[in-house]
């Protein structure tokens, strides 16, 4: 019996270069990546499970390489670096699917991420089921007999619906199939997009950060499901006679942030660790030992020292002063708030006060009501206008008395929805993108000299993390990118990779030093070292606001991870929702 071809077969010491550039010895251009002596190999049979971890830019380059967007030197021997997919004839289904959860709007234009709370336009009424049905390739049929065509389509549609129902049940979105796509929460959207990959019948799926934004229980469920899909147990119906045994398996490659040790599924047995331009490969056991040795010799630094400043505090002083709240006006006060959609209560008698200086970790499983309570706090939800005056006070005023432009300017906010909605076709520079946070707008505006100075001061700690890409068309690598503040400021926002765009949008949220800052899963797209710099910047901001302006900024962070709050243990508070009710409040 002929042995199946591997999915990936990249020889050791192979180098990766951009398409369209000369390779050695005709060029001295540095490679994007260099593979170690083992190279990278992934079989199309057995239980191989691959995770890609390491440096953010390096991970991005390796993913692009696996998507055939770069070239190899020397050229791998026949049948090439991707033997299995190269041997498959034309198929109506994609052979490789790539899913990133930090996807901007398809055309780069601004999209209204608050529309889910208002009346739906006709173009927004497409349901999750409609979307799933649209993913199936149209059957080719040259028969002009309308009756026969209808019968054929009826049978096909039944099969489609059965498969969709099965996949939707596996990822726990079957109850959402009739929900408009625009009405899905962030966590629901992640599950729904994963379902689209499972329906694709691809032979290999590359999933970037598939567990970000999911609560602990959901992460475990999805990890188990992906393991079954990877081994051929969960992708197709066992009775599907049109799918041969070998094709039931969808090799699932997980791209995980940083070291990836936390939350790496048990079924992963191979790891590709990427630095900026080196790819090390080995077994999971080898990688864990390698990572432990590195951690043992690591010198830890506080977030504040990473940006070159020691943020001092008087002994015993806390960022969130827990004493004296009775004498201070809250930034936000919600009292007995109820929100329901039909018979379903989303928020049930919720009361919550946020005071100046509060550092609050907003917690809750997917579907607990976090998205809705944030939409009220930010003033996005139409119900916020209709509530009795005393039920929702923002900056000591009834929400309905505050124009939306004021709220956008007074509240700093970043989230996956803002990342996806932010315009990328307006040629906004990095500096203009950050400065749009002064008014909370998504467009170009004029800045004062003081504002330009402020924006550049925020960029300064990220020199080395951000690089203005060279746009000469010569294929110059990251080593030739411009890393000075002025070049970064003037570079177009859309030219930065996703992880660096997330940093710029974080800076956008803090540029005006708002009295209330809402960080909704903002660190999930940011590289680990840049995240440490972000925490250091926040510490510096809080100290300077207290010292220079006498202002205590209130901060709400939404995350399923304790490690993703930008303050030390014991400094913050926890506000937890469960099924729309307050489960814990400090």
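Scanning the range 361-407 for residues that are in a loop (DSSP other than H, G, I, E, B) and without any contact (Cβ under 8 Å) to a residue 40 or more places away in the chain gives 379, 388, 402, 403. Can you report the number of residues in the range 266-290 which are modelled with pLDDT under 90, touching a strand residue (DSSP E or B) at 6+ places or on another chain (Cβ under 7 Å) and over 19 Å from residue 33 (Cα atoms)? Result for the range 266-290: 0.
Considering every residue within the range 564-585, establish whether at least one is surrounded by fewer than 22 Cβ atoms within 10 Å (Cβ to Cβ), part of a helix (DSSP H, G or I) and in the same structural domain as residue 372 (by TED's automatic domain parsing). Yes, that holds for at least one residue. Picking from residues in the range 81-113 that are touching a strand residue (DSSP E or B) at 6+ places or on another chain (Cβ under 8 Å) and part of a loop (DSSP other than H, G, I, E, B), the one that is modelled with the lowest pLDDT is 102. None of 30, 78, 44 is in contact with a helix residue (DSSP H, G or I) (Cβ under 8 Å, 6 or more places away or on another chain) and more than 26 Å from residue 99 (Cα to Cα) except 30. In this structure, is residue 357 at pLDDT below 90 and either within 27 Å of residue 569 (Cα to Cα) or surrounded by 16 or more Cβ atoms within 10 Å (Cβ to Cβ) (or both)? For residue 357, the condition - at pLDDT below 90 and either within 27 Å of residue 569 (Cα to Cα) or surrounded by 16 or more Cβ atoms within 10 Å (Cβ to Cβ) (or both) - is not met. Here residue 24 does not fit the description of being under 28 Å from residue 291 (Cα atoms) and part of a loop (DSSP other than H, G, I, E, B). Across the range 548-561, the qualifying residues are those that are touching a residue at least 24 places away in the same chain (Cβ under 8 Å) and more than 16 Å from residue 366 (Cα to Cα), and the one among them that is surrounded by the fewest Cβ atoms within 10 Å (Cβ to Cβ) is 549.
The values are calculated or read from the model by the stated rules, or taken from the named source; none is laboratory data. Quantities reported herein were computed from a predicted structural model and do not represent experimental measurements. Using ideal geometry, Cβ is built from the backbone for each residue, glycine included, and neighbour counts are taken over all protein chains shown.
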